[in-house]
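As structure tokens, the structure follows; a few thoughts come after it.
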Amino acid sequence: MTDHETEIPTADGDDAVTLEGRLRRLEEIMGQLEADEVDVEKALALFEEGVGHVRAAEQILSETELRVEELLSSGKLEPLAEEDAG
């Protein structure tokens, strides 16, 4: 994993997913919903999955923004510890 990837657990407790992975999956979901004729049940399941990815991505971005604000306000820039970055 690179420094700019952030892992968080998925809602169902499976393996951690990066922000970038979530964004890629959202693109896949959008493509399926826009391109294919999807039955209502499948469309709803894809939409529900997409909402979960959006909420998780928003959480990652909020936490990242807070961390940046804390670093800038304290006047000291410290490298992120491995546990903070992962």
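Working value for region 17-76: equivalent-ellipsoid semi-axes of 34, 10, 7 Å, each the square root of 5 times a Cα gyration tensor eigenvalue, largest first.
In plain terms, the residue of Thr18, Thr64 with the fewest other Cβ atoms within 10 Å comes first and the most crowded comes last, giving Thr64, Thr18.
Rule-based calculations on the coordinates, nothing more; no lab input. This one's a predicted model, so the numbers in the text were calculated from it and none came from an experiment. Heads up, the Cβs are rebuilt from the backbone with ideal geometry, glycines too, and the neighbour counts pull from every protein chain shown.
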